[in-house]
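Presented below is the structure to which this report refers.
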Amino acid sequence: MKTFFQPDSIAVIGASPRENSLGGQLVVNLLYGYKGRIYPVNPNYDEILGLTTYPDIEAIPGPVELAIIIVPAPAVPETIEACSRKGVRRIIIESAGFAETGPVGRVLQERCLAVARAPLPCFCSQSQPRQRAGDGGGRGPGPQRKILPDECVT
């Protein structure tokens with residue numbers, strides 16, 4: 001879990017120079033105190049907020065401990081696969097547009113889960129796991145336990 005909470009390097013896939021966007025806010029927040037390496041990833045920019053920006057995660061020259069994915073939902077499965085090829089072992093998905101949007105989103109979510117069930121990195125998302133008796137449904141601090149891929153729902 002250390003690499004989720006204290007990673008040596010973070011790739012922000014979908015980073016943006018627009019500080020009012022989620023991709024921009026994440027980079028700004030990281031610049032205000034994070035001590036590790038920050039790798040913005042966006043094929044449309046060479047630099048974001050003074051940081052060298054990479055066209056894709058595989059172009060980053062060093063190891064990446066944590067990837068934060070903020071790309072349109074249809075691009076998430078391929079982005080997860082690229083993270084795996086790069087050797088990223090921890091991923092946070094901030095994208096929306098999955099089961100909460102209807103049947104098409106549900107299919108996309110199932111595709112992401114299929115990728116997650118392959119021998120790939122450990123995944124986490126902003127969504128709350130289904131509630132289990134005694135653990136508060138993942139809300140706030142509680143007993144630490146492994147989050148299973150089928151518990152990550154949007």
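Among the residues of the stretch 21-36, is there at least one that is hydroxyl-bearing (Ser, Thr, Tyr) and touching a Phe, Trp or Tyr at 6+ places or on another chain (Cβ under 8 Å)? No, there is no match, as no residue in the stretch 21-36 is hydroxyl-bearing (Ser, Thr, Tyr) and touching a Phe, Trp or Tyr at 6+ places or on another chain (Cβ under 8 Å).
Going through the stretch 60-95 one residue at a time, which ones are over 13 Å from the mean Cα position of the chain (by Cα) and under 14 Å from ILE10 (Cα atoms)? If the condition is that a residue be over 13 Å from the mean Cα position of the chain (by Cα) and under 14 Å from ILE10 (Cα atoms), then ILE60, PRO61, GLY62, PRO63, LYS86, GLY87 are the ones that fit.
Annotation note: of GLY62, GLY97, the sole residue that is free of Cβ contacts under 8 Å to residues at least 60 places away in the same chain, small (Gly, Ala, Ser), in contact with a strand residue (DSSP E or B) (Cβ under 8 Å, 6 or more places away or on another chain) and not in a helix (DSSP H, G or I) is GLY62. One residue stands out in the stretch 1-27 among those that are among the β-branched types (Val, Ile, Thr) and at pLDDT 95 or above: the one that is surrounded by the fewest Cβ atoms within 10 Å (Cβ to Cβ), namely ILE10. Does at least one position in the stretch 73-83 carry a residue that is more than 24 Å from LEU113 (Cβ to Cβ), out of contact with any His (no Cβ under 8 Å at 6 or more places or on another chain) and either crowded, with 17+ Cβ neighbours inside 10 Å or among the hydrophobic types (A, V, I, L, M, F, W, C) (or both)? No: zero hits.
Taking the stretch 23-58 as the range and being over 25 Å from GLY87 (Cβ atoms), touching an Asp or Glu at 6+ places or on another chain (Cβ under 9 Å) and in contact (Cβ under 8 Å) with a residue 24 or more places away in the chain as the test, only LEU49 passes.
The values are calculated or read from the model by the stated rules, or taken from the named source; none is laboratory data. Only a predicted model underlies this, so the values are computations on that prediction, with no experimental measurement involved. Glycine gets a Cβ as well: all are built from the backbone with ideal geometry, and neighbour counts include every protein chain shown.
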